[in-house]
Structures are given as C-alpha cells and as structure tokens.
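The values are calculated or read from the model by the stated rules, or taken from the named source; none is laboratory data. Only a predicted model underlies this, so the values are computations on that prediction, with no experimental measurement involved. Heads up, the Cβs are rebuilt from the backbone with ideal geometry, glycines too, and the neighbour counts pull from every protein chain shown. Heads up: the accessible areas ignore ligands, DNA and RNA and are worked out on the full protein's heavy atoms, side chains in. Shrake-Rupley method; radii C 1.70, N 1.55, O 1.52, S 1.80 Å.
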Amino acid sequence: MRTLINVFFVLFLSFSYAQELPPIINYTPKMYNADNQNWMISQSDDAYMYVANNQGLLEFNGAQWKLYKSPNETIMRSVKVIGDRVYTGCYMNFGYWERNAAGTLKYTSLSDALKLEMKEDEQFWEIIQLDKWVLFQSLDRIYIYHTEDNSLKIINADNIITKLYKIQEELFFQVLGEGLYSIENGNKVLVSDNAILRNNRIVGLFPKGEQKIIITRNSGWFTFDKDGLTALQLPYQAQYNQKSIYTSMQLSDGSYVLGTIAKGIFFITEEGELRYHIDQEKGLGDNTALSLFEDVDGNLWAGLDNGINCINTKEPFKYYADQTGRLGTIYASIIHDGYVYLGTNQGLFYKSAESTNDFTFIEGTKGQVWCLRVIDAQLFCGHDTGTFLIEKGTQQRIANVQGTWDVKKIPEKSNKIIQGNYDGLYVLAKENDTWKLDYKLKGFDISSKHFEWVHSTKILMNHEYKGVYELTLDEDYREVTAFTKNATIKKSANTSLVAFDGNIYQANKNGIFVYDAASENFQKDSILSTIFEKDYYTSGKLIVDDVGYLWAFTNNYINYVTKEKLNGDFKVQRIAIPQSLRNEMKGYENISHISGKTYLLGTSNGYITIDLAAMDSKEYQIKINSVTNRTLTGNIREIALQAEDQEFKAKENFLAFMYSIPAYNKYEVSEYSYQLEGLYDAWSDWSTASEISFENLPHGSYEFKVKARINNIVTPNTATYQFTINRPWYLSNVALAVYAILAILIFTAINSFYKRYYKRQRERLLEKKTRELALKELEAQKEIIQLKNTQLNNDIESKNRELAIATMNMIKKNETLNSIKQELQKQKTETQDVKPVIRLIDKNINNAEDWKFFEEAFNHADKDFFKKVKELHPQLTANDLRLCAYLRLNLSSKEIAPLLNISVRSVEIKRYRLRKKISLAREINLNDYFLNL
C-alpha cells in the first residue's frame, strides 16, 4: 500500500511540474496608471512594493497603486528600499524618498545636494547597500555614498559597467572589454580578465559554496573559483538552447530564475532542472522580463516590457491554462489507473500522470461529459450521448441512451448499476464480464440529475427546477411504484443532493438540509448552513470526495467540511478562491482528489490544483495609508497620519480614508470592515473596497476604525484614526452668547408690543374709517382712469384704422399709377407726347407728401418704433427706416413694391441688404423681427 502511494506521489509530482504553473497576477499599465516598462523592483519593511517605471516611482500597498513622477521627468531605472528611505536613480540624478506626516513620499536629490559633475547622459541602473554605504551604478561610474557623514567616493571605468553585484559582503562588477572586478577599500580590483568575462555580458553572479555561479546573456553558465572559469552544462539546457537572458536572480530556496528577451521566464532548480517555463501563452503579461524580485512571502515579481507580474511560487495553488480552448469547460475529473481524465463539454481527455505531453482526446467521446465514476475498479463516463466504459484511453459505449447524468451502484447487487438520465432511471447489467443496458425503470420519466439511495427500495431525486422527489421501487428494481414531491424543501437554482457521513443532504439558497428518514422531512443543518450564511450563495452543488470531505462552493470561497477528531462535529474550512477566478460553470462545479492532500478543481479554461497540506494562514497587519480632507469648494489636502486627535473646521467635514493589507496572492481575497465611532455604532459589512469617504459629518469627536480579513482570518490589529470636527461658527460660544442677548431683546420687544397693542386697537378704528373713505376715493379715481384708458384705446384704434386706410390708399394709388404708366410706355413708340405724363405719374408715385402723411399716421399708431430701430441700428438710412415701417405692418414684398415704386425683385434685394445691415441670423424671419421689436 505504501509503495502504491509513493508511486502515485511520484506520478503526481511529474504531472505537476510538467503541466501546472503557479498563479500569476498581471498588473497592466492601465491598472497602475503608468508606462509599460519596469526596470527594477524593491520592497519596504512594511511589505509595500516599489517599482522603477519609465514615468517614475510606483508604490503598491496591496490595494492601491500610486505613481510619484521622476524628479526630472526622465525614465527611472533603479530603486532600492533601505530602512525608511526609498533610493532611486534616473537620468543624471539619484537620491531618496521619505514620507512626510501625511504618508506621502517626498524626494531629496543627493546628486544635486553633493553638486556632482556627472558624465554626459549618465543613467543609474543599480542600487546596492553595504553596511552604511549605498552604491549607485551607472554605465560609466559607481558612486559610493556614506549615509552618515554624506561623503562620496567615485569609481570610474573606461568602458561600460554592465551591472553591480553583491554576494554576501563582497561587491563585484563587470566592465565590458576588461573583465570582472571587485571593490576593496573603495577601489576597484581586477578579479579576472578571462576572455569570456571580457566579451560576454554577465547577467547573474551568485554564490555556490566556495564557488560562484556566473550566468551570461548568450554564452551559458559558468562556475568561478580560485582555479578559474569553468563552463557549466545544466540538465535543462539539453532542451533549451538558452539565449538572450536579460536578467536573473537566485531565490531564497537556492533555485534560479531567468528573465529573457522575448522568451518569457525560466525557473531552474538548484540542480539545474527546469521547474517552469512561463511565457505569454501561459499567462505571463509579456515575453520580455526587464527585472526580477523575490518578496518576503516568496512571490516572484517580474518587471516586464509591458506591465508587472506577481508569480505566487509559494502558494498551494497551481493552474493548468487551456489557452487554445481545446479542452473546453471541465465538468468532471478523476485519476484512475495512473491516468488523469478530464470530462469537458468537448468530450473526454486523458494523459498519463507521468507524461509531460498534453492531454489526448479519446475518440468517440465528442460532446458533453457529465460525470466520471469508478465502480468496482472500472471507470464509467456519463455522457450526453450515453454511457461509456473507459480503459486506458479507449472507450466502449455500453448504453446508447441520451443524457447520462450520473451512475451509481445498486445496494446488494454487484452485477447491476443504476444511472440517471434526461428521461428517468435506467439499469445496466453485467453479463459475462460485459456491461450493457438492461431496461428503463417504469413509472418515472423525470430528468434524474442528482439521486441517492435512502434504503434498498427508496431513492431521493433532486430536480433543481421542481424540487426533491421520493421514489419507491419494487424489489426487482424494475418499476417506480410511487413517487411524491417532498414538501419540506424549497426549490431554487443550482441545487444538488449528496450522501455524506451516513445522511443525505440537499443544498439550496436557503441553506443545507439533512433528510430524516423517519419523518421523511428535511431539516436545516445549522453548522453546514453557515457556509452560505457567511458568504453569497452562487451554487448548491455539493461534492463528496473519496477521502470523505464534503465540498461546497460560494462566491468568494471553496468550502470543505471535515469532522472534529474529539467530538465528531462538523468543521467548515474555507479556501479563498473567488468565483470570478475559479471561472467554473455555476451548478456544475467539480473537484476531485488526486493524492495526499492535493485536489483538482475544474474551471472553464483549464483547472487548478490545490494542496491542502501547504495551506498556510498568514497574519497581515492593516494600515491606514492616507487621510484626505475635502472642503465644499472642492479643495483637497492630505492630513497627517500620526496626529493623536486631528481637528477640522466645520466646513472641512468631508473625510476620505485609504487602507490596505500587503497581500499579493492571486487567490486571496482581501476584505475590509470599518466603524466610525461617534456616528455608527456597528461595523460595516465586509467589502473588498479599500477606501471609504464620509460626507457632511456633523460636529463632534470621532474615531475611525478599520480591520481586514483574508481567507476568513481577521487581522490581529485594528487601524484607528481619531479626529474632531469643530462646531460651526453659528454654534460657537460667542454665537451662543449673541443668541442669549437676542432672546432677551426679543422678550423685551414682545413685552413692549403688548403694551402698545391696546393703544393701537383704538387707533385702528379711526384708521379703518379713514381707509374706507380712501378706498371710495380710489374707486372713483379708478373709474376715471378706466374711462380715460377706454378713450385712449379708441383713439389708438382710430389711428390704426387711419394708418391702414392711408397705407391701402397709397398702395392702390401707386398700383393704379404704375398700371397707367405701363400702358403709356407701351404706346411710347407710337406717340412721343406721353413722356410728360409719365414724369407726372412718377412724381405722384414718389410723392413726399404721401410718405409724410403715412409717417405721421404711423407715428401716431406706433410712436416708439422708429426710436427703437435707430437705437438698435443707427446705421440705417431714411429709406431703410421706410422699409422697416412697411415690414412692421407685415406687408409682403408684392405690397411694398408699389409703395416704393420698385419691382418685387428690387424689394427682395432691399430686404436682403437690410438683413445684412442689421446682421440678422438666417433662421430669423425679417417680418417677425420687426413685428416683435
């Protein structure tokens, strides 16, 4: 038995290393709001991450990214956190950042303070600490800065310095064309001028016992000791002809990581074996790695040519990504006889557990796989097209009935099994070591997705849309003699039914219920139902593995149930993998036991392996990162974090808090809960939001508290911030004194008022009589005014009639004269004596007396019109004003033409010119304009 377990363990390790990769968190430039390229990464004592980005210094606290622009707006090439300082180097400048009272980083330039004369276009690519010294390396020099006395020493190089390395307490650097140097007593000392070290760029220098490991960009690995340089051939190099290594590092476990140009990241074991190769196809954000860094939790951070990735190498999770979509969504999985089987919506796939090859499709199984069950050492596959018997990658269809949901043994019948299908229950029989479909159970035609045996002749069947049915079978298992719907359970979406620990459980959105065979009722299990009570319900799918664990799935967690060793009570444990990352089909979640404490969780684009033995609950410290205040005018200012009791003015009653825990694992969900004492007595609901703001806070004293939890483990500390909002001016002591004085004055005034009240009563009687007389007089005056207004209106109407008559007479007269003129002009060739008559007609048409009469009548009817027009448009001529008067009367061009003794076409031209003079918009009608003036 132990040998068999060891074999399975070795097989799984091989399978794991060949296929599964650690989780990767991909931070895109859009997420951190800066440029693509990231040149160096470091971490502070409080676990905050710092990245040298093209645009400046990036800070990440686990929840929020913040960019600090480069001091001279150039590319930041290097960063190193040393104590409370964040040292950075960029183009022609290096220095450090320190936090102010509000928690914001402020920059101090050492190169400016020391008044250094740098070489042309010098950039700083590496920062290293050694005791009290900080070394800044450019391609031309190494600046050695003493942090206590601010002294500086410079090491010059004639050629390019590729990189500065620190091995234990020794410092090394390579100069191209010269070789490998060390720094001793502040001076450079040539260690080796071997041709390989002179001509090949070194990208890694690491200790290994008495030797040193040297990795070059294109020429491979070497060992270096007192005997010189020796080429090193590692096992992984037989598969990969390694070229274009840009950066490398040695992890805390002694293994190595290589960041390449265009080929991704390679993880190499201490023995030289390939552990992982991760590139863009396998989830890496970009194939070119510019920088590598291992944080305190063992996560590998990669600064890429396009983004930042955090690879959770120490997490108990590994994932297999089906990048091409060949596998499809996984609905079932199992390891059987040394093979891994995956049942998906594309069919059944398999591979040997010890193989490094990809999964192979089992021919004849194309379509939806619903279940994989091992019964008496044989593997059955429930499929959309029927039931298959699977053996070492081959299939045999044993039931050609559409839609096999599940397959189970029949109690005390070793040669028969029962399966649930789309249209009821079927029995398969084994004859001569061959399984075949025997018959369908009569009397029940409902889809049987989840079913369990209560006893030898009774089955509970769960239908997620209809509820739970209780089926009674005859003793020969040929017919369902009776079935009823259980009334004690409510139906809901994504429900399921499972046998666990000797009982049958049904899960729905209302909880998890256990079936009582004696009363034939379902009763809510108080312990198991906490699974849904402590997180959002997404699916009632329950799974029992071959170890005996019960698995359930909620929005933010995978839950598994074990039993307490001392009292046998259920114990619910949670694994923080949110549904958004699991990405499985709701209601069709699947998890299977592989070996030991390792499980395989199927997803819609591959699967995740979970090692329960490696689950480690880490305690995090929550911290308030910033407090900002906003006034009603929109001004925002940062507030000191260390103040014991910060005071704010009444109008500064808008406060925002940002907080976080430095958790960088992909499958860990950070949740926060806050309380504002003085306003809310209760803690808020748990939320993933890492900031909160309070608007229009009333005056008073407050204490803001916030705590966090990961994987249901609450942080041991609670971050707090105390502050006071002062009373507004109208509630100040001075204002209250003023209010008291005003109250006294008001009381005195009221008393005086009552004294004068009765005196005024007497005066009011006299005033009343006076008002009555005045009212009568006003009424009389009103009648007089009405009579005058009536007379005035009559006069206006009379003037308007006169104006209309005069206008019409002028039009008729001019039309008649024009007609006579036209007739005379026709006779012009015959008689030459008509010219005096025509001149006489023109004179009468253009008679100034007519216009004078019209103008006088018009002014009587509309006396302010010409005044308004001249005020608005002083540039208008007398003829223009004449046209305006006609337009005021709403005359058409045809009616105006005889008045002006011109053609209709000429009137249109005059109208157009008038519109231009007064700059009238095209969409405004000219007549309407003067009518409304």
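The set of residues from segment 475-504 being hydrophobic (A, V, I, L, M, F, W, C) and open to solvent by less than 80 Å² (accessible area, probe 1.4 Å) comprises Val480, Ala482, Ile489, Ala493, Leu497, Val498, Ala499, Phe500, Ile504. Could you tell me whether any residue of segment 275-295 is part of a loop (DSSP other than H, G, I, E, B) and touching a Pro at 6+ places or on another chain (Cβ under 6 Å)? No, that holds for no residue.
Every condition in (1) small (Gly, Ala, Ser); (2) under 24 Å from Glu20 (Cα atoms); (3) not in a strand (DSSP E or B) holds for Gly367 except the one numbered (2). Suppose we filter Ala897, Ala885, Ala921 for residues that are farther than 23 Å from Ala861 by Cβ and either open to solvent by less than 40 Å² (accessible area, probe 1.4 Å) or in contact with a Phe, Trp or Tyr (Cβ under 9 Å, 6 or more places away or on another chain) (or both); which single one remains? Sole residue among the options that is farther than 23 Å from Ala861 by Cβ and either open to solvent by less than 40 Å² (accessible area, probe 1.4 Å) or in contact with a Phe, Trp or Tyr (Cβ under 9 Å, 6 or more places away or on another chain) (or both): Ala921.
Among the residues of segment 638-657, the ones that are farther than 17 Å from Gln722 by Cβ, open to solvent by less than 70 Å² (accessible area, probe 1.4 Å) and either part of a loop (DSSP other than H, G, I, E, B) or touching a residue at least 60 places away in the same chain (Cβ under 8 Å) (or both) come to 1 in all. Go through segment 99-124 and give me each residue that's touching a Leu at 6+ places or on another chain (Cβ under 8 Å) and open to solvent by 70 Å² or more (accessible area, probe 1.4 Å). Residue satisfying the conditions is Arg99 alone. Condition test on Glu464, is it open to solvent by 20 Å² or more (accessible area, probe 1.4 Å), acidic (Asp, Glu), in the same structural domain as Leu542 (by the TED database) and within 41 Å of the chain's Cα centre (by Cα)? So Glu464 fits the description; yes. Filter segment 277-313 down to the residues that are of a type in the set (A, V, I, L, M, F, W, C) and open to solvent by 10 Å² or more (accessible area, probe 1.4 Å), then identify the one that is farthest from Ile265 (Cα to Cα). That would be Val296.
If you go through segment 25-61 and keep only what is under 20 Å from the mean Cα position of the chain (by Cα) and buried (at least 20 other Cβ atoms within 10 Å of the Cβ), you end up with Tyr27, Tyr32, Ala34, Leu58, Glu59, Phe60, Asn61.
Scan segment 45-83 for residues that are part of a loop (DSSP other than H, G, I, E, B) and more than 24 Å from Ala689 (Cβ to Cβ) and the total you get is 10. Considered as a group, the residues in segment 663-680 that are touching a strand residue (DSSP E or B) at 6+ places or on another chain (Cβ under 7 Å) and of a type in the set (Phe, Trp, Tyr) include one that is nearest to Tyr48 (Cα to Cα), and that residue is Tyr664.
Whether a residue is within 27 Å of Ser687 (Cα to Cα), at pLDDT below 95 and either open to solvent by 30 Å² or more (accessible area, probe 1.4 Å) or small (Gly, Ala, Ser) (or both) was assessed, and Ser526 passes this test. Does segment 140-160 include one or more residues that are closer than 23 Å to Leu258 by Cβ and surrounded by 15 or more Cβ atoms within 10 Å (Cβ to Cβ)? Within segment 140-160, not a single residue is closer than 23 Å to Leu258 by Cβ and surrounded by 15 or more Cβ atoms within 10 Å (Cβ to Cβ). Among the residues of segment 860-875, those that are open to solvent by less than 50 Å² (accessible area, probe 1.4 Å) and either at pLDDT below 85 or outside any loop (DSSP other than H, G, I, E, B) (or both) comprise Ala861, Asp862, Phe865, Phe866, Val869.
Looking across segment 343-373 at every residue that is surrounded by fewer than 16 Cβ atoms within 10 Å (Cβ to Cβ) and of a type outside the set (Asp, Glu), the one that is farthest from the chain's Cα centre (by Cα) is identified as Gly364.
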